[in-house]
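Colleague: Please read through the structure below; I'll follow up with questions.
The values are calculated or read from the model by the stated rules, or taken from the named source; none is laboratory data. Since this is a predicted model, take the numbers as computed values, not measurements. Virtual Cβ from ideal backbone geometry, glycine too; neighbours counted across all protein chains shown.
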Amino acid sequence: MSTNALDTTIYSAISAAIQAEAKRILAEEQVSAVIGYAAARRKGSAQPIIINNADDAAKLIFTPASVNNLALYLTKAKKDIPKKGKIGIVVKGCDLKAIVGLLGEAQLKREELYLIGVPCAGVLAATTQPATALTSETIAPKCTECNAQLPTGCDYVPNVQLPPQPPLAGKYSAEIARLEALTPAERWAYWKEQFAKCIKCYACRQVCPFCFCEQCLCDRNKPQMVETTPRPAGNTAWHIVRAMHLAGRCAGCAECERVCPMDIPLNLLNRKMAKELKELYAYEAGSEVLDKGPLTTYTDKDDQSFIK
Amino acid sequence: MQKYISQQNLTTLLDTLIKRGTRVVAPHMNAGIPLYEPLTSAQEMVTDQLPRRSAKEAFFPVCEDIMSYTKEGQKVELQDIDPARFPETVLVGVRPCDAAAIPVLDAVFSWDYQDEFFLERRKKTTIIGLACTTADDACFCSAVGLSPSDTKGSDLFLTPLEGGGYACETQSDKGEQLIANHKELFAAPTKAKTVPLAEPQTAQIDLKKVKAWLNDHFEDPLWDGIATRCVGCGACAFVCPACHCFDIVDEGTEKSGKRRKSWDACGFWKFTHHASGHNPRDLQPKRYRNRIMHKFKYYDDKFGQTLCSGCGRCVRICPVGIDIAAIVEEIGKK
């Protein structure tokens, strides 16, 4: 498939709208802080920023490098972020799904959030070189399968028209189909090679909005539950624990995969789990606020066929 | 000593070394990413990409066994690892920013405690540096006093020439020895021009001024400003050519197991978590402050060097875009 440039010209109008709205809600003291994106030294870069006064609203931007899922900063794992009163936050549709999940898990309260939703034409897969144009090649794999370009249920969404987008080949569905067609031994060889690259930097865990455990099982040493060293046994255990713990919760922001310095395709595991959940329970994480998901409830109608 | 080596002869040199049982470590593709790893053939070397991780792992692996034990009834046996088993190594194609960090590591691993694992590998390794021809806007070697043609840390330094081949300059006895052992592959220096080298765009940072500010600003609002968004992963430390903290754990069963040493990072919450439950670096900005303090103050206090060679890896991979070059530049202007 040939490479297509993607139209992101609306992002300048979105940036201006975010600035105006952030300025207003800060000036009117509707919120104590706004979490958004700001430019930095490197050309094209966009980084998380937390602003507390209306004058700083001019720093806010939205660009193809606005990759982070800022919902992370709302969780109890990020105690360093003072959370007094209502907080404003800039969210893409994919980020919003994480907030929906966190609301369901009683980690956040809707009335304490002011959601600034972004109509999104896509972001970059990686920002190691942030001054990269958004194309059908450089776009994040998650964006090729996005069904939430226009976030719903926000307090404010800039009034812009999303440009028509050329059809994008769904990257995860293609890769999952490829792996499903392999034999179990071949699949195991694939994942063994991928997990062997892991250096246990835990960037995947630290950026995940759902990894808010106070004490990660994989950090425990008395007793040691999972080998902590970056070796095959501990790496495999870590990645399986991670994927399982996110099953039915992960809504696919794919931050784990984006930040992996060793390019391990972590979101493939998450998407495979999501696919199973959809097939077994017609369930999609992040679509509505639910107290309990299918993996945390039991009904006598549950599929028992796996018991042999 | 100045010499010339053609591309073909460099390939022959590496293949000869590999054939004789020398471990030749160079940038090489592994499952889609470039890493410094042992080659099975000189052709596998890639010189056009900065490896994702630094060259430090040739001496300081991601994880290594440092002891093993077996226990049967009351009988406990401990087995040391014999560093004599570490192979003779040639580390080749090393970027100047990676090579320059190696003498920085030497200082800490041979300070009050002689780390035999590091030092034995170091003793057995000859380092062939390669002048750098590509820089992006994360590169800042020139800001911390190095350059794309800096020979610090190399035993033999190669500079690519117009028309092919490399100018070779020996920097140590090890480099001289390597040439002496393979005289037939090296020729007299030529007059060919050097290919254009990389030009990092960052301005020189006054490291003395940075240190002077750090001396007086352990407590400062700057730390919250730059590091509240830090997510507390270890990516920056793990890709860094100069970060050298490690953890030691025993893994195995009651009957047998290994004591292992693996990379650690000051960004981790548990890095300074005491057995009592107290954590002196209880918030992320305090952990990030340590990263800057260690690199630009503590290490300088102790060893008179800066613990950063400006490779830019941490700048490129930080999940939240924390840019150490921008931070140090800002401190330098205070």
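Colleague: Only one of these conditions is not met by A:E175: (1) among the charged types (D, E, K, R); (2) over 16 Å from A:G252 (Cβ atoms); (3) surrounded by 13 or more Cβ atoms within 10 Å (Cβ to Cβ); (4) within 14 Å of chain B (Cβ to nearest Cβ). Which number is it?
Modeller: All conditions are met except number (2).
Colleague: For the range B:188-219: of the residues being over 26 Å from the mean Cα position of the chain (by Cα), assigned to a loop (DSSP other than H, G, I, E, B) and not polar (S, T, N, Q), which is farthest from B:S147 (Cα to Cα)?
Modeller: B:E219
Colleague: Now a separate question. Return the residues of the range B:52-64 that are of a type outside the set (D, E, K, R) and farther than 19 Å from B:I18 by Cβ; say none if nothing qualifies. Walk me through how you get there before you give the answer.
Modeller: Pass one, the range B:52-64, residues of a type outside the set (D, E, K, R): B:54-55, B:58-63.
Correct list: B:S54, B:F59, B:F60, B:P61, B:V62, B:C63.
Colleague: Still on this structure: Quick one: which helices (runs of 4 or more DSSP H) lie wholly within the range B:246-322 and hold at least 3 residues that are crowded, with 16+ Cβ neighbours inside 10 Å and either modelled with pLDDT of 95 or more or in contact with a strand residue (DSSP E or B) (Cβ under 6 Å, 6 or more places away or on another chain) (or both)? Spell out how you get there, then give the answer.
Modeller: Details: elements: B:284-293, B:299-303, B:313-317.
In the range B:246-322, B:284-293, B:313-317 are the helices (runs of 4 or more DSSP H) which contain 3 or more residues that are crowded, with 16+ Cβ neighbours inside 10 Å and either modelled with pLDDT of 95 or more or in contact with a strand residue (DSSP E or B) (Cβ under 6 Å, 6 or more places away or on another chain) (or both).
Colleague: Can B:E64 be described as in contact with a Ser or Thr (Cβ under 8 Å, 6 or more places away or on another chain), within 14 Å of chain A (Cβ to nearest Cβ), among the charged types (D, E, K, R) and closer than 27 Å to A:A189 by Cα?
Modeller: Yes; evaluated as a whole, the condition is true for this residue.
Colleague: Of A:G117, A:G104, A:G85, which residue is on the phi > 0 side of the Ramachandran plot and more than 13 Å from the chain's Cα centre (by Cα)? Full working, then the answer.
Modeller: Working: A:G117 fails: on the phi > 0 side of the Ramachandran plot; A:G104 fails: on the phi > 0 side of the Ramachandran plot.
The match here is A:G85.
Colleague: Related question: Mind checking whether some residue in the range A:43-54 is at pLDDT 95 or above, touching a helix residue (DSSP H, G or I) at 6+ places or on another chain (Cβ under 8 Å) and away from chain B (no Cβ under 14 Å)?
Modeller: yes
Colleague: Sticking with this structure for a sec: Just to confirm my filter: which strands (runs of 3 or more DSSP E) fall fully inside the range B:5-91 and include at least 2 residues that are within 24 Å of B:V249 (Cα to Cα)? Let's see the steps before the verdict.
Modeller: On the way: elements: B:23-30, B:33-38, B:63-72, B:75-80.
Where strands (runs of 3 or more DSSP E) fall fully within the range B:5-91 and carry at least 2 residues being within 24 Å of B:V249 (Cα to Cα), they are B:63-72, B:75-80.
Colleague: Please find, among B:D323, B:D264, the residue that is under 25 Å from A:D263 (Cβ atoms), in contact with a Lys or Arg (Cβ under 6 Å, 6 or more places away or on another chain) and of a type in the set (D, E, K, R). Steps first, please.
Modeller: On the way: B:D264 fails: in contact with a Lys or Arg (Cβ under 6 Å, 6 or more places away or on another chain).
None of the other options fit; the residue is B:D323.
Colleague: If you don't mind, another one. Looking at the structure I just gave you, is A:A233 buried (at least 24 other Cβ atoms within 10 Å of the Cβ), out of contact with any His (no Cβ under 9 Å at 6 or more places or on another chain) and either farther than 20 Å from A:W188 by Cα or within 11 Å of chain B (Cβ to nearest Cβ) (or both)?
Modeller: Numbers: buried (at least 24 other Cβ atoms within 10 Å of the Cβ): no; out of contact with any His (no Cβ under 9 Å at 6 or more places or on another chain): yes; either farther than 20 Å from A:W188 by Cα or within 11 Å of chain B (Cβ to nearest Cβ) (or both): yes.
Here the answer is no, as A:A233 does not meet what is asked.
Colleague: Okay, moving on. Across the range A:55-96, what is the number of residues that are away from chain B (no Cβ under 13 Å), of a type in the set (G, A, S) and in contact with a Gly (Cβ under 6 Å, 6 or more places away or on another chain)?
Modeller: The number of residues fulfilling the criteria is 0.
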